[in-house]
Structure formats: C-alpha cells, structure tokens
1. Among the candidates Gly124, Gly132, Gly207, Gly158, single out the residue that is part of a helix (DSSP H, G or I), among the small types (Gly, Ala, Ser) and under 30 Å from Phe79 (Cα atoms).
2. Can you tell me which of Gly185, Gly235 is in a helix (DSSP H, G or I) and of a type outside the set (A, V, I, L, M, F, W, C)?
3. Determine which single condition Ile607 fails, assuming it passes every other condition in (1) among the hydrophobic types (A, V, I, L, M, F, W, C); (2) at pLDDT below 90; (3) touching a helix residue (DSSP H, G or I) at 6+ places or on another chain (Cβ under 7 Å).
4. Mind listing just one residue for me: the one in segment 442-468 that is at pLDDT below 85 and of a type in the set (A, V, I, L, M, F, W, C) and, of those, surrounded by the most Cβ atoms within 10 Å (Cβ to Cβ)?
5. Can you run down the residue pairs with Cβ atoms below 8 Å, 6 or more apart or on separate chains, where the first is in segment 184-196 and among the polar types (S, T, N, Q) and the partner is surrounded by 12 or more Cβ atoms within 10 Å (Cβ to Cβ)?
6. Are any residues in segment 389-409 part of a loop (DSSP other than H, G, I, E, B) and under 11 Å from Ile438 (Cβ atoms), and if so, which ones?
7. What is the one condition in (1) free of Cβ contacts under 8 Å to residues at least 40 places away in the same chain; (2) at positive phi that Gly559 does not satisfy?
Amino acid sequence: MATSSTAPSTPIILVPTDQLTSINGGPAVTVKTFSQPTKHGSFSDLIDSNVNALRNEVKALFTFRPREWLSAFRPNPKFPLFVLGDIDGFVALFMNNLATLLAVILGLKLVFEDDIIYGKIVPGVSVSMLWGNLYYVYMARKLAYKENRGDVCTMPYGINTPGAFAFIFSIILPTYFGCINGSSGRDRRSCEELAWYVALASNFTTGIILLLLCIFGEFIRRNTPGVALLSSISGIGFTYLALNEYLPVAASPIVSFLPFAIVMLGYFAGVKFGPVPVAFVALVVGTILGWATSLNQASEVKIASSVIKPYPLVFPIHAMMANLKEITPYLSTTIPTAISIAIGTIQCVESAKRAGDFYPTREAMFADGIGTLIASFFGSILGMTTFIGHPAFKKMGAKQAYSIANGLAFLPLCFFGINALLLSIIAIVSVNPIIIFIGLVICADTLAITPQRHYPAFLLGLMPIVADWAKGTIISGVSDAYTKFVVNHTDFNQNITAHINGFSYRGLLNFSGGSLLQCIFLTAIFMYMIDRKFIRAAIWSILASMFAFFGLINAPGVGVLIKKDDDGWKFTVAYLMLAVFFGCFHIAQKQRLVKQPETEPDDLSSIEWAEWNRERLLEENNVNEANV
C-alpha cells in the first residue's frame with residue numbers, strides 16, 4: 001500500500017477490492033476517510049464535537065443532491081445488473097423472507113380468518129418489499145458509481161422477524177381476546193378488525209419513530225464500539241439463523257444432511273458444482289429427498305392450492321388513524337420494536353462497512369422507516385428492515401439483480417396467495433443450510449475484527465439473544481400445548497411459570513428483556529472493563545441504568561419501573577453501583593494504584609488499529625536493532 005510523503009489532514013482507509021482494476025490500471029481500492037479522534041480532548045470538547053456532528057447530520061438530511069441521486073440511473077459497465085452470484089443471493093433472500101412470511105401467517109391464523117390474512121395483510125407486504133429492495137439497489141448503484149467499483153453488494157431487505165412475532169403475541173392477541181372476552185358486545189369479525197387496526201397503528205408509529213431516529217443513526221454508530229454494535233447482530237445470527245434453523249435439520253437428517261454438506265462445501269470450502277449455483281443444487285437435492293422420503297406431502301399442496309385467487313390492495317389509513325389512540329397499552333412493544341429495528345439497521349450498515357461497502361447509516365434507516373410506513377398504509381402489520389448477512393451475500397457473489405428479483409417475486413406470490421403453495425412443494429429443510437451459513441458468517445466476521453482479549457465480552461453479549469430465544473420457545477411452545485389440554489385463553493404466565501423449577505424463569509425474563517439493546521450495553525461495559533477504561537465503562541453503566549429504569553432493557557415491558565415488585569429500578573441501582581465502582585477505580589488509576597488503560601484499539605479493521613500496529617512493529621524492530 002503506497003502512501004504520499006505529505007500526511008493528509010484526515011486518515012484514510014484503503015479496502016482492496018477483488019477482480020477490479022482502477023482507472024489508471026493499478027490495484028483498485030475503496031477510499032474512505034475517518035475523522036481522527038481527539039486523544040487529549042476535554043469532556044466539553046467531546047460534547048461540542050458530538051453536538052456539531054448532530055448538527056451536520058440534520059443539515060445533510062435536508063441537503064439537495066440531484067447529481068448524486070441521478071448517478072444511480074447512469075450506465076455503469078463495472079457494475080453489471082446481473083451476475084451468476086445473484087442466483088444464490090436470490091434463493092437465500094427469497095426463501096428467508098418466504099419462510100418468515102409463512103411463519104407469520106401461521107401465527108396470524110390464531111386470530112384472523114383467511115380473507116384478512118391473504119386479502120388485506122399479505123398484499124401490503126409485497127408493496128413494502130418492492131420498495132425496499134429497489135431502494136437498496138438504488139443505494140448500491142450510487143455507491144458503485146461514486147467509488148468507481150464493481151464489487152458492491154446490495155444490502156438485503158425484508159421482513160423484521162422479531163418485530164413481527166412481537167406484534168402478533170404482544171399486540172394482536174391481547175387486543176383480540178380483550179375485545180372478544182370484554183363487555184363491548186362486539187362480534188368475532190369486529191374484534192378481528194380491531195386487532196388488525198391496532199396493529200396497523202402500531203406499525204405506523206414504528207415507522208415514524210424510525211424516521212426520527214435516522215438523524216441520530218450515524219452519531220450512535222460513531223460513539224459505540226464496533227464489536228458492541230455487532231454483538232447483537234451476531235447473537236441473532238448465531239441463535240435465530242444458525243441454532244434455530246439447525247433444529248429442523250437435526251429433525252430430518254436423511255433429507256437435510258446432504259444439502260447442508262453441499263452448502264458448507266460450496267461456500268466455506270470453495271467447492272464448485274460446475275456452472276450451477278450452490279444454493280440451487282442444495283435446493284434440488286433436498287426437494288428430491290423430501291418427496292422421496294414423504295417429508296413433503298401431496299395433501300399439503302392441495303390445501304395450499306385452496307387459497308390461490310386474486311387479492312387486490314387495500315388502503316385502510318382512515319380506520320388506522322381512528323384507532324391510533326388504542327395503541328397506548330402496547331407502546332411497551334412498539335417502542336422497543338422501533339429501537340431494535342433502528343439498532344439492527346445501524347448494525348447492518350456497520351457489517352456492510354466491514355465487507356467494504358460504505359453505505360450511509362441515515363439513508364438506510366430512512367429506507368426502513370419509509371418501508372414500514374408503506375406497509376402500514378397498505379394493510380401490512382409487518383415492519384420492514386435491511387437484513388443481516390450482507391457479507392454472506394457478498395461472499396456468494398451477489399450484486400443487485402438478486403434484490404430486484406426478490407422484490408418482484410413477492411408481487412404474484414402475495415397478490416394471488418401463491419406463497420403457501422411454493423413452500424408446500426419445496427423441501428424447506430434444504431433451505432435451512434443457506435440460512436445457517438449466513439448466521440455463521442456473521443459471527444465469523446465479527447470475531448475477525450475482535451481482539452482476542454475481547455472474546456469474553458463478545459460471548460457475553462450473545463447471551464441475551466439466546467435467553468430471548470429460550471423464553472420465546474418456552475412461551476410459544478409450552479403454552480400452546482398447555483392451552484390445548486386446559487382452557488382456551490388461560491394466562492400461561494400466571495399458571496405455569498410460577499411453578500417452573502431448575503432455573504429462574506424471572507431471571508430469564510429479565511435477561512431477555514430488550515435483548516438487542518442489552519447485548520450492546522453488556523459488551524461495551526465488559527470491553528471497557530477489560531481495557532481498564534473505567535470512565536467509559538461508567539458512562540455506559542449510567543446509560544444502562546436509564547434504559548433499565550424505563551424498561552427498555554432487563555424488563556419484559558416498557559414503563560417507569562419504580563414499584564416494589566418491579567425489577568427495573570433494581571437494575572437501575574445495580575448499574576449505578578457499577579458506575580460508582582468504576583469511578584473509584586479511575587481515581588485509583590490516576591494514583592498509579594491500578595494498571596493503566598489498554599492502548600491497543602478495539603477494532604482490528606480500523607485505521608487506528610493499523611496505525612497502532614505499525615508503531616508497535618517499529619518499536620519492536622528498534623529494540624531488536626539495539627540488541628544486535
């Protein structure tokens with residue numbers, strides 16, 4: 001890597017790109033500038049710099065850039081519309097979204113009839129899906145043109161899975177059963193519509209919150225350690241994409257093991273299957289085995305065919321606004337869902353940055369907010385967001401066509417109810433290995449930028465997601481079986497959880513509460529403890545205490561948690577105790593009673609770490625020369 005003799009005012013990072021040459025024939029690189037952090041600035045300087053950064057974010061938000069916008073529509077020979085890797089990317093993204101949508105449909109069947117699900121909710125999903133997939137292609141084309149590169153990968157986009165199930169079990173079900181069992185005198189149909197309208201209003205509110213948070217997205221990304229930001233996205237990758245998706249593989253080994261081996265050999269070992277994409281080979285082999293072993297049944301295809309017919313779009317904005325006041329009891333679900341989507345988008349942008357694609361955080365959050373609003377305007381209760389796994393899609397060789405194809409493919413599926421039919425034909429367990437691969441790559445990429453001393457912090461940061469998954473498994477699985485044998489609509493928590501032995505269910509609830517945010521706090525605090533940066537650890541502890549007080553972390557619901565039986569105030573006190581504890585150690589450190597802070601930066605991919613490592617090697621070389 002060549003450097004000029006004159007030092008630039010701001011450092012640059014050069015990210016080599018594969019199979020690309022620059023304009024002058026030399027090796028192509030992606031050039032990104034980073035503001036140099038102040039090494040000896042005061043606390044007031046830190047505040048001033050962050051205020052100025054926020055002011056610049058607001059200014060940039062309202063800056064008119066027609067030349068940049070139009071660049072996405074210009075021909076770019078270096079960035080072809082279609083490459084072979086787009087087939088693999090399309091299969092992975094499409095099947096992931098399709099499987100999520102089918103799971104959501106099964107959850108909605110607990111309350112809604114088919115005409116509401118397929119006639120009102122699902123068509124709206126396709127419109128928001130098309131918006132997001134096309135907009136992220138637009139962002140990728142802008143980036144490719146701006147940086148004169150051909151290896152840019154569009155960020156994947158689709159349904160926000162955790163938020164979807166949070167809405168079903170925390171908003172739709174309580175609203176419906178509260179209506180049907182209450183004294184309002186409403187019939188079943190009107191209660192179904194009320195639950196739908198309240199969920200739409202909650203989804204609309206989520207979109208508004210996302211748009212408001214987009215101003216602070218880059219500020220959050222700059223002031224949060226990269227490993228901490230990626231800890232929760234890695235937790236989702238490990239738990240929901242790898243562990244959870246491996247369970248069906250283990251349940252049907254004869255059908256799933258060969259597709260699993262094909263995917264792992266193709267993506268991790270670099271084994272080629274001729275000109276045929278790896279995902280397609282795995283899908284065909286798995287489907288053949290599925291039908292040969294009777295895992296796939298013709299009766300399921302017949303049932304799925306019964307819902308195929310045209311479904312026009314609906315526009316229930318008037319009814320949604322009329323029921324906006326009804327969402328107040330469910331803000332404990334709506335607000336954390338919006339925050340988790342925002343944090344997830346920031347993490348996905350950070351993940352894409354590690355893979356060499358520097359997308360603007362603010363614009364990605366804007367796209368997700370608008371997509372969620374579009375969904376609510378056209379009847380969908382599902383929040384939309386960029387997907388995790390951009391590095392995996394880039395490793396597949398996908399660029400932009402996979403995203404366009406995904407958006408277009410959902411139009412006939414959702415407007416004609418074909419999605420269930422397609423999933424009844426394909427052996428779903430042959431898709432699971434592709435999703436598992438994405439989850440593993442997310443974790444591997446995070447470990448690659450994590451110093452070894454921070455591995456314990458990273459592993460601790462995964463645990464709230466695992467706890468959240470375990471809690472959801474217990475409640476959704478065991479309670480479903482419980483209600484089948486006892487009385488319908490019985491409160492599972494009051495009747496069963498109090499008698500669970502062998503572990504603390506209350507501890508599980510607290511550890512899983514606000515899991516995405518909790519991952520970040522735990523990882524950041526533990527990282528700064530390991531590095532003996534006690535002031536930063538204290539600041540993060542104080543922030544955690546504020547979030548816990550309002551139930552955003554370490555609690556099953558949002559609110560001012562000051563009652564005797566609440567745990568929120570207990571966590572607030574505990575985090576404040578940690579802050580005081582770290583403050584005492586900082587004083588001791590000033591007196592040279594405690595070892596000084598770690599000097600190695602916490603991100604192995606950063607320009608700061610590269611500079612630190614260069615200086616370290618120079619010092620070692622000087623010492624060796626002196627010894628000689």
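The values are calculated or read from the model by the stated rules, or taken from the named source; none is laboratory data. Note that this is a predicted model, so its numbers are computed, not measured. All Cβ positions, even for glycine, are placed from backbone atoms using ideal geometry, and neighbour counts span all protein chains on display.
1. Just a single option satisfies the conditions, and that option is Gly132.
2. Gly235
3. The number of the failed condition is (3).
4. Among them, the one singled out is Ile442.
5. Ser190/Cys179
6. Correct list: Gly389 only.
7. Against the list (1) free of Cβ contacts under 8 Å to residues at least 40 places away in the same chain; (2) at positive phi, Gly559 comes up short only on (1).
Conditions (1) in the same structural domain as Ile117 (by TED's automatic domain parsing); (2) β-branched (Val, Ile, Thr); (3) farther than 30 Å from Tyr197 by Cα, marked per residue:
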residue: Phe268; (1), (2), (3): yes, no, yes
residue: Thr287; (1), (2), (3): yes, yes, yes
residue: Leu295; (1), (2), (3): yes, no, yes
residue: Tyr311; (1), (2), (3): yes, no, no
